[in-house]
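See structure below.
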2 protein chains.
Amino acid sequence: MFESAEIGHQIDKESYEAAVPALREALLEAQYELRQQARFPVLVLISGIEGAGKGETVKLLNEWMDPRLIEVSTFDQQTDEELARPPVWRYWRQLPPKGRIGIFFGNWYSQMLQARVHERIDDARLDQAIDGAERLERMLSDEGALIFKFWFHLSKKRMKERLALLKDDPLHSWRLSPLDWQQSKTYGKFVRYGERVLRRSSRDFAPWYVIEGSDANYRSLSVGRILLDGLQAALGHRGRPAHRPHAAPLVSSVDNRALLDSLDMTQALAKPDYQRLLIAEQARLALLMRDKRIRRHALVAVFEGNDAAGKGSSIRRVAAALDPRQYRIAQIAAPTEEERAQPYLWRFWRHIPPRGKFTIFDRSWYGRVLVERVERLCSEADWLRAYGEINDFEEQLNDAGVVLVKFWLAIDRETQLVRFKEREATPFKRFKITEEDWRNRDKWEDYSDAVGDMVDRTSSEIAPWTLVEANDKRFARVKILRTLNDALEKALRG
Amino acid sequence: MFESAEIGHQIDKESYEAAVPALREALLEAQYELRQQARFPVLVLISGIEGAGKGETVKLLNEWMDPRLIEVSTFDQQTDEELARPPVWRYWRQLPPKGRIGIFFGNWYSQMLQARVHERIDDARLDQAIDGAERLERMLSDEGALIFKFWFHLSKKRMKERLALLKDDPLHSWRLSPLDWQQSKTYGKFVRYGERVLRRSSRDFAPWYVIEGSDANYRSLSVGRILLDGLQAALGHRGRPAHRPHAAPLVSSVDNRALLDSLDMTQALAKPDYQRLLIAEQARLALLMRDKRIRRHALVAVFEGNDAAGKGSSIRRVAAALDPRQYRIAQIAAPTEEERAQPYLWRFWRHIPPRGKFTIFDRSWYGRVLVERVERLCSEADWLRAYGEINDFEEQLNDAGVVLVKFWLAIDRETQLVRFKEREATPFKRFKITEEDWRNRDKWEDYSDAVGDMVDRTSSEIAPWTLVEANDKRFARVKILRTLNDALEKALRG
């Protein structure tokens with residue numbers, strides 16, 4: 001969930017100052033249009049890590065926009081008035097009316113997260129709270145509200161750096177609150193439960209936006225752009241607000257750095273190392289699959305990646321270590337007639353292995369948020385809701401003891417070009433390259449955005465994505481086998 | 001939830017046989033149209049009490065319709081195949097494809113109810129299961145599926161009668177299964193948890209239909225009609241199935257008997273009895289409101305009812321017993337400008353009392369499913385989703401210790417006519433009768449249906465409706481005060 005918010009996004013001062021005036025003007029204009037139309041309210045929820053710039057961002061939004069049309073509400077200690085009524089009353093009384101923006105700084109998510117981190121509630125109670133939040137937000141959305149949920153994130157490293165820096169600075173140490181120190185101890189828990197909350201409560205009508213908080217310019221521009229795009233889309237929607245596509249569009253990163261750009265694509269293995277490591281990992285996999293405890297689990301591996309990134313050959317290296325009775329490869333191409341007559345996920349459910357078995361998905365259910373999104377094979381509403389549906393699906397697998405490993409094989413544009421040409425030049429490889437591959441290549445940026453969103457919205461502790469630097473095939477194959485083995489070993493031990 | 005399914009619905013043989021041929025033909029036609037369009041599948045979930053005719057109804061549907069286009073799946077013991085995979089896999093593999101009807105006899109609700117009744121899970125886990133079911137159904141519905149959920153009900157009395165009857169009949173005692181005997185012991189729990197499940201999982205896109213099961217003719221016609229109406233509405237909807245209004249329309253009872261018809265409207269109190277009882281209940285209320293334990297609770301009373309049923313004068317009798325500092329009367333009329341700029345429930349949340357206080361709602365949030373529904377002041381989608389939203393709202397009140405008492409004051413048409421004329425004839429009462437009252441009177445049947453649906457969908461253990469026979473005002477006032485006192489006393493004791 002937080003992958004894209006740990007890659008060190010930043011925007012230099014010049015670019016920032018060049019971008020702000022137009023953004024401010026557009027935001028103000030949208031704000032007046034919102035008041036003019038008075039058809040729906042806007043609700044902005046601010047959550048996340050202490051010190052990741054939540055307060056500064058809210059302050060800035062008030063400076064950028066017309067503060068008379070924004071109401072900021074904080075929800076710390078409940079007042080006597082509030083304590084005397086149902087917990088949700090305090091939020092109802094602060095709801096922005098149609099035509100206005102309400103910023104809830106601290107909100108229902110803060111309450112449930114604090115309660116879970118400090119063990120006042122357990123997972124089942126947390127899920128009840130998340131469910132309650134979802135019902136509330138769905139109702140608000142059905143009533144027309146446009147909802148933005150921002151999670152401000154800092155990697156553990158950045159958080160510690162910040163604490164160290166401020167602590168010793170007599171002019172700035174006042175910036176640190178008791179909450180900062182408390183969180184430095186509970187960071188791991190906070191992020192883990194935060195991920196659970198985001199995974200289950202990011203829905204098409206009220207998606208979460210995770211913002212990397214370390215660079216002020218970056219986070220300010222990001223939040224501003226997301227608000228602007230969402231506002232403009234909703235203001236432009238004709239008809240009843242309850243019928244508009246609920247999500248603000250996903251927004252590509254304002255510093256043009258995507259998650260995939262953060263990979264070190266130079267990683268490689270020399271042939272002798274490769275052969276030694278490959279054999280070792282294959283042997284390890286074979287042994288693990290023969291372990292008795294495997295009977296309590298099933299294994300599912302998902303292979304996605306750029307065209308010509310080497311999915312096929314990697315899968316062969318995995319399969320080579322396995323007893324053919326124990327595994328299957330599900331090759332996902334266009335759906336059959338029978339599959340088209342069923343809900344989207346049906347054709348993947350058919351291939352879910354029983355305990356003790358292993359299914360390798362050569363492409364997968366992620367097609368919906370990759371090719372179907374980019375090529376517009378389904379509606380925006382369909383792929384937007386798919387993130388939540390996929391998270392639910394993978395949670396069901398995980399709950400049943402299925403070990404799920406997901407690989408994105410990444411190559412850079414130049415490597416792809418070399419491989420495409422090589423395929424065209426080699427007679428027995430020519431079938432592997434089609435017009436469509438060249439067309440996909442033209443949409444490189446779109447696919448890159450889609451992959452970033454996919455990883456941000458579906459990588460989780462229970463079903464993490466592994467990004468595989470695949471310019472060097474040998475490096476990729478070993479990394480894949482090792483990741484598989486580590487996941488399997490961890491599950492068997494647990 | 002089960003009020004309308006305990007009033008002894010029945011259809012005589014002649015009417016039944018007269019109605020069946022046309023219904024069968026229409027169902028068959030709808031079925032072929034469904035296959036022809038092949039745009040969406042139909043999923044029918046069968047749940048409820050043993051012996052309420054679940055099996056017979058499924059059998060009959062297969063006789064009435066083309067069985068080649070219906071697949072019935074039962075989900076008893078999990079097979080080895082199923083046990084080796086995530087629990088939900090068994091449902092996925094049996095999903096009907098587009099153009100066909102799948103009947104799930106025993107389904108996810110049966111599993112969670114059995115688990116809760118036999119204490120294998122607690123309430124929080126039950127809620128997690130309900131939440132999972134809701135996510136699954138929403139996804140199926142977003143993918144186009146038309147979902148019907150039938151709950152076959154028998155009152156405890158009928159269930160016992162049936163058991164007694166069959167037990168001693170050598171020709172029929174084989175009809176009783178071990179499940180029947182088991183359920184006769186767990187009936188109370190089964191109905192209580194069943195109500196929780198229905199309350200939380202009845203959503204606009206997949207509503208529950210509660211069917212009284214004691215009379216075979218009635219239940220068969222009811223199920224047939226609901227299926228037919230829902231199918232025809234969905235088949236007639238242009239555009240993508242995912243965009244159709246999700247619910248089959250609510251259907252008025254096929255024997256033309258509504259819940260309100262089951263009231264004994266002749267109940268009355270003589271004046272001396274009335275005065276004695278009124279004073280006693282008023283004193284009781286005054287004492288209860290002075291009890292120290294009231295500080296842990298708040299009290300909310302909702303008054304709805306036919307025009308001229310005597311809401312105002314009843315409220316005055318309640319208020320007469322109270323310290324004016326302790327209560328408020330919220331008179332709900334057309335929303336103000338400020339209220340129109342907020343989500344529907346906002347204007348009721350503002351009046352929710354703090355602990356220790358009492359708010360009397362003269363009309364309430366039920367306006368949406370009564371006048372707004374009947375007068376078409378909101379869209380069908382809006383009032384259909386309101387049942388679920390209201391249940392969520394009242395659950396939040398209940399969780400916070402608010403005692404909620406809801407009254408429907410019922411009079412019959414003749415009594416209303418007499419009162420209307422009396423008002424017109426009395427100078428100081430003339431302001432109480434308007435053109436609108438006469439217009440509402442013309443829609444008596446529509447309101448009657450709306451009240452029945454409202455009670456069926458929002459009466460629950462935590463927030464029951466009390467139907468007040470109000471032809472005799474004295475009887476009504478005493479019943480209201482007594483009900484209030486009983487509820488308050490129970491809460492203070494608990």
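Miscellaneous remarks
- 21 Å Cα-Cα threshold exceeded, pairs from A:Lys98/B:Lys406; A:Lys59/A:Lys149; A:Lys271/A:Lys406: A:Lys98/B:Lys406; A:Lys271/A:Lys406
- Taking the charge dipole of chain A about its Cα centre, with +1 at Lys and Arg Cβ atoms and -1 at Asp and Glu Cβ atoms, the residue from A:Thr426, A:Asn471, A:Ile11 reaching farthest to the positive side is A:Thr426.
- Chain A - share of DSSP beta bridges that are antiparallel (%, nearest 5): 5 percent
- Taking amide H atoms as placed 1.01 Å from N in the peptide plane, the amide H of A:Ala298 lies under 5 Å from those of A:Gly356, A:Val402, A:Val403, each 5 or more residues away in sequence or on another chain.
- For segment A:261-493, the Cβ-based charge dipole about the Cα centre amounts to some 1560 debye (Lys, Arg positive; Asp, Glu negative; other atoms uncharged).
- Aspartates and glutamates whose Cα lies under 15 Å from that of A:Lys157, excluding same-chain neighbours fewer than 8 positions away: A:Glu3, A:Glu6, A:Glu50, A:Asp180, A:Glu212, A:Asp215
- Prolate/oblate/rounded call for segment B:370-489, Cα gyration tensor, a/c under 1.5 rounded: oblate
- Shape analysis of segment A:289-376 places it in the oblate category; the axes a ≥ b ≥ c from the Cα gyration tensor give an a/c of at least 1.5, with a/b not above b/c.
- Note on A:Gln182 and B:Arg350: their simple-model spin labels are 3.4 nm apart, each label 7 Å out from Cα toward Cβ.
- Amide H contacts under 5 Å for B:Glu71, placed H, 5+ residues apart: B:Ile101, B:Gly102, B:Ile103
- Rounded to the nearest 20, the size of the Cβ-charge dipole of segment B:292-358 about its Cα centre is 640 debye, with Lys and Arg at +1 and Asp and Glu at -1.
- Cα gyration tensor category, rounded, prolate or oblate, for segment B:3-257 with a/c compared to 1.5: oblate
- Kirkwood hydrodynamic radius (C-alpha pairs) into Stokes-Einstein, segment A:261-493, 37 °C and 0.692 mPa s, D in µm²/s: 177 µm²/s
- Convex hull (Cα only) mean projected area of segment A:185-243, reported in nm² to one decimal: 5.4 nm²
- If R0 is taken as 60 Å, the Cβ-Cβ distance between B:Asp442 and A:Asp446 corresponds to a FRET efficiency of 0.55.
- Radius of gyration (Cα atoms) of segment A:95-178, expressed as a multiple of 2.2 N^0.38 Å: 1.48.
- In chain B, the convex hull through the Cα atoms has an average projected area of 26.8 nm², a quarter of its surface area.
- Using the Cβ-Cβ distance between A:Ala268 and B:Arg340 with R0 set to 51 Å, the FRET efficiency works out to roughly 0.20.
- Low-density loop cleavage sites - trypsin sites (Lys or Arg not before Pro) in segment B:364-405, where at most 12 other Cβ are within 10 Å (DSSP): B:Arg376
- Whole-Hz couplings from phi, Karplus 6.51/-1.76/1.60, listed for segment B:302-315; x for Gly and Pro: 10, 10, 10, x, 4, 4, 6, 7, x, 4, x, 6, 5, 4
- The mean count of C-beta atoms from other chains within 10 Å of the C-beta of residues in B:469-476, rounded to a whole number, is 0.
- Per-residue ³J(HN,Hα) for segment A:29-36, Karplus 6.51 cos²θ - 1.76 cosθ + 1.60, θ = phi - 60°, Hz, x for Gly and Pro: 4, 4, 5, 5, 4, 4, 5, 4
- Partner chain coverage, peptide A:55-61 - average Cβ within 10 angstrom: 0
- Teacher prompt: B:Arg290 distances to equivalent labels in other copies, 7 Å Cα→Cβ, nm: 8.5
- The A:Ser313 and B:Glu56 beta-carbon pair, evaluated with R₀ = 60 Å, returns a calculated FRET efficiency of approximately 0.50.
- Radius, Kirkwood style, for segment A:58-204 when every pair of distinct Cα atoms is counted (Å): 17.4 Å
- Sequence-distant lysines (8 or more away, or on other chains) whose Cα lies within less than 22 Å of A:Lys429: A:Lys311, A:Lys421, A:Lys473
- Under-5 Å amide H pairs with A:Thr466, H placed in peptide plane, nonlocal only: A:Lys406, A:Phe407, A:Trp408
- Other-copy label distances relative to A:Arg192, 7 angstrom Cα-Cβ extension, nm: 3.6
- Estimated from helical segments only, the mean residue ellipticity of chain A at 222 nm is -16000 deg cm²/dmol, where each DSSP H run of four or more residues counts as -39500 (n - 2.57).
- Annotation for B:Ala38, label-to-label distances across the other copies: 5.2 nm (shortest first, one decimal, point 7 Å from Cα along Cα→Cβ).
- For segment A:480-489, putting each phi into the Karplus relation 6.51 cos²θ - 1.76 cosθ + 1.60 with θ = phi - 60° gives couplings of 5, 4, 5, 4, 4, 4, 4, 5, 5, 4 Hz, in residue order, rounded to whole numbers and with x for Gly and Pro.
- Extending 7 Å from the Cα toward the beta-carbon at both A:Asp486 and B:Asp12 defines two label points whose distance is 7.9 nm.
- Size of the protein assembly as shown as Cα extents on the principal axes (Å, biggest first): 105, 80, 48
- Inter-label distance for A:His237 and B:His118, nm, one decimal - labels placed 7 Å from Cα along Cα-to-Cβ: 4.6 nm
Quick note: the coordinates plus some simple rules give every number you see, no bench work behind them. Please read these numbers as outputs of a predicted model, since none were measured by experiment. For neighbour counting, all protein chains shown are included, and Cβ atoms are generated from backbone atoms with ideal geometry for every residue, glycine included.
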